[in-house]
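Chemist: Have a look at this one.
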Amino acid sequence: MLNVGVIGAGRIGRLHVNYLKQRKDINIKWISDLFCDKLDDWIKESNISNKTKNYQDIMNDPEIDAIIICSPTNTHVDIIKDACKKGIHVFCEKPISLSLSEAEEAVEAVKASNIKLQMGFNRRFDKNFKLLQERLSDGELGNIQTLRITSRDPEPPPLEYVKNSGGLFMDMSIHDFDMARYLMNSEVTEVYASGGAMISPEIEQYDDIDTAIITLKFENGALAVIENCRRSVYGYDQRVEILGDNGLISVDNTQSSTLTFHKADSISTQNPPYFFLERYSEAYEVEMNYFIDAIKNDGDVLCSIEDGLAAQKIAVKCKESLNKQPAKLQ
């Protein structure tokens, strides 16, 4: 039996609790949240033994084996460092930090410890993307020329969220940066980013954008194009396409059903899921099981803190590229 503490009881924190409580070998001993007093019914339903507003209460419990960090990004590094000192394993939602230097400190702390830390890049655990990665690793496509990732949210987040999110590249695109490295099995050497506030002009006051085209170049010479947009009125749009010597492999959107209606004047099909929790519900469960099993079996995590740092570095460089003046034709 592993004793686990969950730090942060927002949407993602509750999601992880729902998966953890399904395992008979897990005891969710603590939940920490500034508003935990308002969650008594949910805490009771989830069979969580203790609640606190101060995450240090979890860290000071000698029975705690692992923590799940779902708190605001600016708290991640301090919690990771504390966990390293106490030998507590960590699952941490992305990003590590909004500061690259702080993220690097966290990486060094984990390296110097004996803990396992898995980053919450859930798309690696999606069965379709995992199968794609396996086919690429087998070399079936031959040398790869281009990777194209389309990632669009159904609607923009609230302004209150945007101002503390770290921006589009750090909050949204970072998943695609990790996916690009995961699929290509090669490091990014160059980035170019262009974008604008095309949907919500008001976010410019927070030095942010809602639409972007990002180009990456890898050590192996391949190129990638990532398209991000905060609004896709037809649903949550997640697609990947890879071109290589022996053809093309693609992963399309999942559908709520496979029904297609062929009429005289049109053909209609179902929209993709509208929300990321619908699209990746299974992936969230698989990633958490992978983390717990890595602890119990002393195995390797699939997505390390070094992977988190690599994706964060790409996000930082994209922001730098965006702020540079492009060449004008006139």
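The values are calculated or read from the model by the stated rules, or taken from the named source; none is laboratory data. Bear in mind the structure is a predicted one, so any value in this text is a computation, not a measurement. Note that we place each Cβ from the backbone using ideal geometry, even for glycine, and neighbour counts take in every protein chain shown. Side chains are part of the model used for accessible areas, which takes the heavy atoms of the whole protein and leaves out ligands, DNA and RNA. Shrake-Rupley method; radii C 1.70, N 1.55, O 1.52, S 1.80 Å.
Chemist: Sort 317-324, 288-295, 173-180 for me by packing, meaning the mean count of neighbouring Cβ atoms within 10 Å per residue, highest on top.
Modeler: The densest-packed peptide leads the list: 173-180, 288-295, 317-324.
Chemist: Then there's this: Evaluate the chain: find the radius of gyration of its Cα atoms, find its Kirkwood radius, and give the ratio Rg to Rh.
Modeler: My calculation puts Rg/Rh at 0.98.
Chemist: What's the angle, to the nearest 10 degrees (0 to 90), between helix 76-86's Cα axis and the longest principal axis of the chain?
Modeler: The answer is roughly 40 degrees.
Chemist: Can you report the principal axis dimensions of region 198-249 using only the alpha carbons, biggest first, rounded to whole angstrom?
Modeler: 45, 28, 11
Chemist: On to the next question. Where a ≥ b ≥ c are the square roots of the eigenvalues of the C-alpha gyration tensor, would you call region 42-197 rounded, which needs a/c under 1.5, or, failing that, prolate if a/b is larger than b/c, or oblate?
Modeler: prolate
Chemist: Measure nothing fancy, just the Cα-based angle from helix 127-137's long axis to the longest principal axis of the chain, in degrees from 0 to 90, nearest 10.
Modeler: 70 degrees
Chemist: With bins 5 Å wide starting at 0, give me the P(r) of region 35-129 over every alpha carbon pair, in whole percents.
Modeler: Distribution as computed: 2, 12, 20, 21, 19, 13, 9, 3, 0 percent.
Chemist: A further question on this structure: For helix 174-184, report the angle its Cα long axis makes with the longest principal axis of the Cα atoms of the chain; keep it between 0 and 90° and round to the nearest 10°.
Modeler: With rounding to tens, the tilt is 70 degrees.
Chemist: Taking only Cα atoms of region 120-193, what ratio of Rg to Rh do you get with Rh as the Kirkwood inverse-distance radius?
Modeler: 1.03
Chemist: Report, in debye and to the nearest 20, how large the dipole of the chain comes out about its Cα centre when Lys and Arg carry +1 and Asp and Glu carry -1 on their Cβ.
Modeler: That gives the chain a dipole magnitude of about 220 debye.
Chemist: Still on this model: Just to confirm the filter: which trypsin sites (Lys or Arg not before Pro) across region 209-303 are DSSP coil and have at most 16 other Cβ within 10 angstrom of their Cβ?
Modeler: Arg231, Lys263
Chemist: Straight-line reach from Lys85: which aspartates and glutamates have Cα under 18 Å away, leaving out those fewer than 8 places along the same chain?
Modeler: Reachable aspartates and glutamates: Asp57, Asp61, Glu63, Asp65, Glu102, Glu104, Glu105, Glu108.
Chemist: If I take all pairs of Cα atoms in region 188-295, what percentage of them are more than 18 Å from each other?
Modeler: Cα-Cα pairs of region 188-295 separated by over 18 Å account for 70 percent.
Chemist: Using the crude model of +1 on Lys and Arg Cβ and -1 on Asp and Glu Cβ, and no other charge, please compute the dipole size for region 42-112 relative to its Cα centre, in debye to 20.
Modeler: For region 42-112, the charge dipole is close to 140 debye.
Chemist: Give the accessible surface of the chain per residue, rounded to a whole number of Å², with probe radius 1.4 Å and ligands, DNA and RNA excluded.
Modeler: The answer is 49 Å² per residue.
Chemist: Ignoring ligands, DNA and RNA, what percent of the accessible area of region 38-174 is carbon or sulfur (1.4 Å)?
Modeler: 43 percent
Chemist: If amide hydrogens are placed 1.01 Å from N in the peptide plane, which non-local residues have theirs closer than 5 Å to the one on Asn50?
Modeler: Answer set, sorted by chain and number: Trp30, Ile31.
Chemist: Using the structure shown, list the pairs from Lys53/Lys127; Lys24/Lys116; Lys296/Lys319; Lys86/Lys127; Lys86/Lys217; Lys130/Lys317 with a Cα-Cα distance above 30 Å, or answer none.
Modeler: Cα-Cα > 30 Å for Lys53/Lys127; Lys296/Lys319; Lys86/Lys127; Lys86/Lys217; rest within.
Chemist: Which percent of the accessible area of region 260-330 is formed by carbon and sulfur heavy atoms (probe 1.4 angstrom)?
Modeler: Reported share for carbon and sulfur atoms: 50 percent.
Chemist: Rounded to the nearest 20 debye, what is the charge dipole size of region 212-328 about its Cα centre when +1 sits on each Lys and Arg Cβ and -1 on each Asp and Glu Cβ?
Modeler: Dipole size: approximately 820 debye.
Chemist: Given the chain, what percent of its DSSP beta bridges are antiparallel, to the nearest 5?
Modeler: 55 percent
Chemist: Can you give the calculated 222 nm mean residue ellipticity of the chain, where each DSSP H run of n ≥ 4 adds -39,500 (n - 2.57) and the sum is split over every residue, rounded to the nearest 500 deg cm²/dmol?
Modeler: -9500 deg cm²/dmol
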